[in-house]
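**Q** Input: one structure, supplied below.
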Amino acid sequence: MKKKSRIRIGRLLFVVFLFFALIGGAGYVIVRFGPSLLPVLSQITNNEKTAANNTISHEQDVKKIKSQNALDEVDVSGFSDEELRQCFYSVELDEKLLERLQKMGYTDQIGAGKLRYVRVLYYDFDNKPTIGELIVNSDVAGRIENVFFDLFLHKYPIGKMILPDAYGTRISESYADNNTVGLCFGLTDDNKGQLHALGYAIDLNPLYNPLIKDNGASLSVFPMEGQLYLDRTVNAAHFIYAGDYAVEAFKKEGFVWKGNVRGMNDYKHFEYENAPHTNSSSSQTSQPGQVEIPDEQASQIIHDQQNQQPEGQQQSDGAAAGSNLQPDQPAENQPAVSEIIEQPQPEQTIPQPDPALPQQPEVPEQIPGYEGESPMPSDPSTDGTGQE
């Protein structure tokens, strides 16, 4: 009996020793590692899901896009608006950009410090996000970023956007290639060459939206390949017209569209409203790459002009809806092409009455004739000088 009692007492003492050892060890761990373990324990025991869901960052993708070349297609699926906006930016010109400017015909028309290189994204005619580039005046660089960011969010289709140094000093070839440009050189007064040489103007999708000037006996078209798109009443894709979303986007940033000027319809052209007035350095009015169409041929080209804007001008797949005119839009804001255009008619000889026959009472008869109206689409809100 004494032996069993001793065994039980020994076990009890061992259990007591083990218990205090565990208590001591736990106390040491708490004191030593407690401050770092408490946040982990609180997260494990917390059943409330109050934390925001994690989002995927595209920071590396944005950096990659910034390192790519203009005209490269990019994948921006899943980008937030803030991440997309980082792809629209402007920087000062470096030596490489100055070399590119000189290939375009830059001869210090404006100080390089007043110019900015602008990178944007746009949807091309295949509805694919693409990198574009422009050079503009520093006064409007931020505004241009905003314009093209707005157009990108609305999936507005743009054919091409690259610095025209790729065409050398042959600026007409850039326009014939439907290349959207800002700063460029060699344009005439009709094309607002000074504003482009100072970086205050943008020509958007110029092939489909040419300058059409009424010379009285003929029409001047620039680029000359744009004569395929003289009739602005057809339901053609990529036409810029009053109420088009591009007109609205540029207007919000202080730009004026010159597609509705009487006798000088420049459908491609947007210029900054507060650009400084400049004296023209050239009286040249004939542009390389410009064609003059005789009045008879021009009459045939535009003989189907209608008295109303066609419904729903078509844009390429993926273009945003909502760019059509609203039914309650004031008449003065309707596009210039909406007027009935009286075309020149051959002179008619009025038969004279025979004095020997009884005379019939004269009935007034309207004689068809040209009567001085412009054969070009015109806006009654503008005067003949081309100024609004």
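The values are calculated or read from the model by the stated rules, or taken from the named source; none is laboratory data. All values reported here derive from a predicted model rather than from experimental measurement. Backbone-built Cβ (ideal geometry, glycine too); neighbour counts: all protein chains shown.
**Q** Within the range 116-135, can one find any residue that is at pLDDT 95 or above and over 30 Å from A237 (Cα atoms)?
**A** Within the range 116-135, one or more residues are at pLDDT 95 or above and over 30 Å from A237 (Cα atoms).
**Q** Name the single residue, out of those in the range 245-257 being surrounded by fewer than 22 Cβ atoms within 10 Å (Cβ to Cβ) and not aliphatic (A, V, I, L, M), that is farthest from the chain's Cα centre (by Cα).
**A** That would be G254.
**Q** Follow-up question, since we're still on this one. Would you please name the residue that is farthest from R116 (Cα to Cα), looking only at residues in the range 173-185 that are surrounded by fewer than 21 Cβ atoms within 10 Å (Cβ to Cβ) and not acidic (D, E)?
**A** Out of the qualifying residues, it is A176.
**Q** If I ask for residues that are farther than 14 Å from T180 by Cα and among the charged types (D, E, K, R), which ones from the range 194-239 would you list?
**A** Within the range 194-239, K213, D214, E225, D231, R232 qualify.
**Q** Shifting gears a bit: Can you tell me how many residues within the range 260-273 are out of contact with any helix residue (DSSP H, G or I) (no Cβ under 7 Å at 6 or more places or on another chain) and touching a residue at least 24 places away in the same chain (Cβ under 8 Å)?
**A** 9
**Q** Among strands (runs of 3 or more DSSP E) lying entirely in the range 142-227, which contain 1 or more residues that are among the charged types (D, E, K, R)?
**A** Those strands (runs of 3 or more DSSP E) span 201-203, 211-214.
**Q** Can L163 be described as buried (at least 22 other Cβ atoms within 10 Å of the Cβ), of a type outside the set (S, T, Y), under 21 Å from V91 (Cβ atoms) and touching a Gly at 6+ places or on another chain (Cβ under 7 Å)?
**A** No.
**Q** Hey, could you check the range 208-220 for residues that are in contact with a helix residue (DSSP H, G or I) (Cβ under 7 Å, 6 or more places away or on another chain) and modelled with pLDDT of 95 or more and say which is farthest from W257 (Cα to Cα)?
**A** Taking the candidates together, the pick is Y208.
**Q** Hey, another quick one. Within the range 68-102, can you find the residues that are aromatic (F, W, Y) and either part of a loop (DSSP other than H, G, I, E, B) or loosely packed, with under 12 Cβ neighbours inside 10 Å (or both)?
**A** F79, F88
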